[in-house]
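The values are calculated or read from the model by the stated rules, or taken from the named source; none is laboratory data. Note that the structure is a prediction, hence the values are computed from the model and not measured. Every residue, glycine as well, gets a Cβ built from its backbone with ideal geometry; the counts of neighbours run over all protein chains shown. Please note that ligands, DNA and RNA were not included when accessible areas were found on the heavy atoms of the full protein model with its side chains. Shrake-Rupley method; radii C 1.70, N 1.55, O 1.52, S 1.80 Å.
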Amino acid sequence: MPVRFPLQLAMICLLSLTALPAAAEEAPATTRVVVLGVNHAAQLVSESDQPAALAAFVSQVAPQALCVERAPEPFARNDHYEFTYEIQDVVVPLARARGISLCPFDWMPPAEDEVLGFGMSISTVPEVRPPRAFLTFAEPAALQRGLFHADDRANLAKVDEWIRNAPAQTVHDLPRRLYLYRTFLQAQRVAAAAKAHVGGTVLVVVGEFHKYDIEAILAGTPGIEVVQPSQIGLPSVEQVAAHDQRSYRLAIARFNLLGAQSATSNVDWNWVGRVLDALRRESDDAEVALLRTRYARLRGTLAPKEAIAAYRAIADRADASRPAAWDGVLDRQRVDSYFDPFGNLRIDQRARVELARELASEEADAAEAIRSAIAKELTPRQARQFDAYWARDIAVRR
């Protein structure tokens with residue numbers, strides 16, 4: 001009896017344990033995915049969508065990972081699309097400074113497939129870009145764009161219609177089919193990033209046309225909760241101001257005043273004026289003097305003769321014989337950028353271009369002498385591009 005009782009007790013305990021209901025399995029942790037749809041580089045024309053607002057929003061979200069629209073291979077080479085200002089100039093530097101994991105998630109077809117489908121490589125930049133190849137925002141609505149513009153699906157009605165409807169002639173359907181395949185693979189790479197950061201937050205910064213398709217694909221992925229940026233809320237005015245920096249202000253001023261955007265006259269002049277005031281208070285160097293002179297000329301507050309004198313003085317300044325602090329140029333072997341035909345010129349050279357623009361109608365020989373002198377300072381390839389843009393943008397304005 002003394003021996004059997006403990007054995008009987010043990011059996012009873014074991015049976016009691018097996019009779020208990022099984023413990024509920026813990027639900028897997030959910031990763032929040034926030035897809036911020038952007039209009040590439042529109043941060044440079046809209047105060048409500050400005051670079052500092054985007055930076056402040058990233059800080060507000062505090063993501064564990066930030067997914068950017070570039071394929072992994074070129075991203076590893078620090079190779080970005082020319083037009084994605086918001087990526088290479090805002091979110092990538094911010095993520096690296098904060099130790100946020102970066103997840104490139106784009107996909108593009110091989111160059112040979114581009115040639116097969118389109119008859120040309122759409123990724124190859126022509127030696128001389130046609131006027132339409134320079135990025136501009138001609139619609140007044142662009143100046144009013146807000147940070148959460150894409151959260152209202154009605155704003156993307158045209159692209160939604162394009163996605164759903166094949167063209168009448170199927171032979172012309174490659175762009176739409178390529179878009180669908182590309183966006184599907186984008187979503188898969190975002191899903192992989194979410195899996196690698198279980199329980200955290202993944203912020204996706206992507207061209208707004210891809211936003212809703214990516215979200216629809218992710219919605220069916222276990223462990224992912226799609227959260228709209230507007231659910232998080234806008235950063236405060238104070239937060240935006242705290243994230244502002246000189247590089248952002250220089251980009252805004254240069255894009256609107258020296259880039260192709262200036263020819264559209266679709267500029268938020270009050271905002272750009274305040275940006276210039278802030279730059280001047282920090283340092284009224286040669287680059288800022290050039291931008292302020294161009295602003296005054298475009299606004300009509302500076303007479304041609306005064307502008308000529310100002311540009312000459314700027315070109316002669318010792319601190320003008322350097323590259324601009326921001327010019328948007330990715331390929332230093334070229335003379336242009338995606339924003340500006342003369343983007344890759346030193347400050348003094350660019351001041352002389354603007355001087356020649358003022359002289360061209362009355363003193364054509366003096367303007368031609370400026371062209372010849374600058375061309376000699378460039379590489380042969382840059383000089384050929386420079387002369388082509390000069391003939392189109394300066395000489396034709398005589």
Next item on the list: Sort the stretch 48-87 into rounded, prolate or oblate with this rule: let a ≥ b ≥ c be the square roots of the eigenvalues of the Cα gyration tensor; rounded if a/c is under 1.5, and if a/c is not under 1.5, prolate when a/b is larger than b/c, oblate otherwise.
Entry: oblate
Item checked: Convex hull volume per residue for the stretch 113-172, taking Cα atoms only, in Å³ -> 167 Å³
Check: What nm distance separates the two modelled labels at ARG381 and VAL171, each placed 7 Å from Cα along Cα→Cβ?
Finding: 3.6 nm
Check: Cα convex hull of the stretch 194-309: how many Å³ per residue?
Finding: 159 Å³
Checklist line | Size-normalised alpha-carbon gyration radius of the stretch 34-141, reference 2.2 N^0.38 Å | finding: 1.21
Note to self: How large a share of the accessible area of the stretch 63-215, in percent, is made up of carbon and sulfur atoms when the probe is 1.4 Å and the other protein chains stay in place?
What the structure shows: 57 percent
Check: Residue separation times 0.36 nm, minus the C-alpha to C-alpha distance between GLU362 and ALA388: what's the value?
Finding: 7.2 nm
Notebook entry, point to check: Can you give the accessible area per residue of the stretch 53-175, in Å², using a 1.4 Å probe?
Noted result: 52 Å²
Check: So what are the ³J(HN,Hα) numbers for the stretch 212-226, from phi and the Karplus equation (6.51, -1.76, 1.60; θ = phi - 60°), rounded to whole Hz, Gly and Pro as x?
Finding: 6, 5, 4, 5, 5, 5, 5, 4, x, 9, x, x, 10, 10, 7
Margin query: Let me spell out the model: positive unit charges on the Cβ of Lys and Arg, negative unit charges on the Cβ of Asp and Glu, origin at the Cα centre of the stretch 61-214. What dipole size does that give, in debye rounded to 20?
Written below: 340 debye
Next item on the list: Quick one: grab Rg to one decimal and Dmax as a whole number for the stretch 206-262, Cα atoms only, in Å.
Entry: 17.4, 49
Item checked: Protection proxy ranking, peptides 71-80, 386-395, average beta carbon neighbours within 10 Å, highest first -> 386-395, 71-80
Check: Using +1 on the beta carbon of Lys and Arg, -1 on that of Asp and Glu, and nothing else charged, what's the dipole of the stretch 332-398 about the Cα centre, debye to 20?
Finding: 380 debye
Notebook entry, point to check: Per residue, how much accessible area does the stretch 235-367 have with a 1.4 Å probe, in Å²?
Noted result: 42 Å²
Checklist line | Charge dipole (debye, nearest 20) of the chain; +1 at Cβ of Lys and Arg, -1 at Cβ of Asp and Glu | finding: 340 debye
Notebook entry, point to check: Short version: ³J(HN,Hα) in whole Hz for each residue of the stretch 259-267, in order, from phi by Karplus 6.51 cos²θ - 1.76 cosθ + 1.60 (θ = phi - 60°), x for Gly and Pro, what are they?
Noted result: x, 4, 4, 4, 6, 7, 6, 8, 10
Note to self: Using 0.36 nm times the number of residues separating GLN228 and THR124, minus their current alpha carbon distance, what extension gain do you get?
What the structure shows: 33.9 nm
Check: When the accessible area of the stretch 242-398 is computed with all protein chains present and a 1.4 Å probe, what percentage of it is carbon and sulfur?
Finding: 48 percent
Item checked: Loop-located GluC sites (Glu not before Pro) in the stretch 84-176 whose Cβ has at most 16 other Cβ within 10 Å (DSSP) -> GLU127
Check: If you take the square roots of the eigenvalues of the alpha-carbon gyration tensor of the stretch 164-230 and sort them as a ≥ b ≥ c, do you get rounded (a/c under 1.5), prolate (a/b over b/c) or oblate?
Finding: prolate
Check: Does the stretch 103-227 come out rounded, prolate or oblate, given a ≥ b ≥ c as the square roots of the eigenvalues of its C-alpha gyration tensor, rounded meaning a/c under 1.5 and, failing that, prolate meaning a/b above b/c?
Finding: prolate
Item checked: Options VAL226, ALA187, THR201, ranked by Cα towards positive dipole end of the stretch 175-226, top entry (Cβ charges) -> ALA187
Checklist line | Helix-only CD estimate at 222 nm, as mean residue ellipticity for the chain, using -39500 (n - 2.57) per DSSP H run (n ≥ 4) | finding: -14500 deg cm²/dmol
Check: Between TRP162 and ARG96, what FRET efficiency follows from the Cβ-Cβ distance if R0 is 35 Å, with the result rounded to 0.05?
Finding: 0.50
Note to self: What percent of all Cα-Cα pairs in the chain falls into each 10 Å bin, going from 0 up to the bin containing the maximum distance?
What the structure shows: 4, 19, 27, 21, 14, 6, 3, 2, 2, 1, 1, 0, 0
Next item on the list: Using the charge dipole of the chain (Lys, Arg: +1 at Cβ; Asp, Glu: -1 at Cβ; taken about the Cα centre), state which of TYR81, VAL335, SER46 has its Cα farthest towards the positive end.
Entry: VAL335
Notebook entry, point to check: HN-Hα J couplings of the stretch 99-112 from phi, Karplus 6.51/-1.76/1.60, θ = phi - 60°, integer Hz, Gly and Pro as x?
Noted result: x, 7, 5, 9, 10, x, 9, 7, 9, 9, x, x, 4, 5
Check: On the first, second and third principal axes, largest extent first, how far apart are the outermost C-alpha atoms of the stretch 326-398 in Å?
Finding: 35, 22, 21
